[in-house]
């Protein structure tokens, strides 16, 4: 009787389990545009190694500051959906070497880690979400990265701040926060 019960339990478990639906990560934009969410048991996976060219350390300068980006591939599961994405940690220093911002040692759960979102339609641009210190006063937005040469050693980094309404309570004098990244963008070289 125990064997029949165990066999029935195993059979029921196998039948009730759904196989994971593996979808190329570049299809994330399609789910985003459809607005229906991503079905449970989906894995948005980097099947074509689109992330490979971005992974590594990148460095560039702008406005007397040096920006060093540390880009890694990260896999996580949220609400029955698994994602591959890029994550960016950064080190920003002044011209005299003073550290202005450093997110290298922050945990993956930190809101200051730049987290991947989706590829553009032609797959040449990858969009990520950014929320810096004092994000409530405008230091948040979307980062766009693009490899600029066939040798894959040059990358553009664009930043589009979110358009938000700020309050005097959160941002005294309705003063917007200093932006972490320049709106004019950065050119970076792979190290």
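Taking residue 18, is it modelled with pLDDT of 50 or more, farther than 14 Å from residue 118 by Cβ and part of a helix (DSSP H, G or I)? In short, no.
With respect to the conditions (1) without any contact (Cβ under 8 Å) to a residue 12 or more places away in the chain; (2) surrounded by 15 or more Cβ atoms within 10 Å (Cβ to Cβ), residue 128 lacks only one, and its number is (1).
Condition check ((1) within 30 Å of residue 40 (Cα to Cα); (2) touching a helix residue (DSSP H, G or I) at 6+ places or on another chain (Cβ under 6 Å)) across all residues:
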{"position": "86", "(1), (2)": "yes, no"}
{"position": "95", "(1), (2)": "no, no"}
{"position": "130", "(1), (2)": "yes, no"}
{"position": "145", "(1), (2)": "yes, no"}
{"position": "170", "(1), (2)": "no, yes"}
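Let's see how each residue does on (1) surrounded by fewer than 19 Cβ atoms within 10 Å (Cβ to Cβ); (2) farther than 22 Å from residue 188 by Cα:
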| site | (1), (2) |
| --- | --- |
| 56 | yes, no |
| 79 | yes, yes |
| 88 | no, no |
| 91 | yes, no |
| 105 | yes, no |
| 134 | yes, yes |
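Residue-by-condition table, conditions (1) more than 20 Å from residue 145 (Cβ to Cβ); (2) modelled with pLDDT under 95; (3) touching a strand residue (DSSP E or B) at 6+ places or on another chain (Cβ under 6 Å); (4) in a loop (DSSP other than H, G, I, E, B):
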| residue | (1), (2), (3), (4) |
| --- | --- |
| 26 | no, yes, yes, no |
| 37 | yes, yes, no, yes |
| 43 | yes, no, yes, no |
| 68 | no, no, yes, no |
| 75 | no, no, yes, no |
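When the test is whether a residue is loosely packed, with under 13 Cβ neighbours inside 10 Å, in contact (Cβ under 8 Å) with a residue 24 or more places away in the chain and more than 24 Å from residue 108 (Cβ to Cβ), residue 170 passes it. Scanning region 107-121 for residues being in contact with a helix residue (DSSP H, G or I) (Cβ under 9 Å, 6 or more places away or on another chain) and under 15 Å from residue 44 (Cβ atoms) gives a total of 4.
Residues are listed down the side, and each one gets a yes or a no for (1) at positive phi; (2) in contact with a strand residue (DSSP E or B) (Cβ under 9 Å, 6 or more places away or on another chain); (3) in contact (Cβ under 8 Å) with a residue 24 or more places away in the chain; (4) surrounded by fewer than 16 Cβ atoms within 10 Å (Cβ to Cβ):
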site: 124; (1), (2), (3), (4): no, yes, no, yes
site: 137; (1), (2), (3), (4): no, no, yes, no
site: 165; (1), (2), (3), (4): no, no, no, yes
site: 174; (1), (2), (3), (4): yes, no, no, yes
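The values are calculated or read from the model by the stated rules, or taken from the named source; none is laboratory data. Just so it is clear, the structure is predicted and the values come from calculations on it, not from any experiment. In this analysis, Cβ positions are derived from the backbone assuming ideal geometry, glycine residues included, and neighbour counts consider all displayed protein chains.
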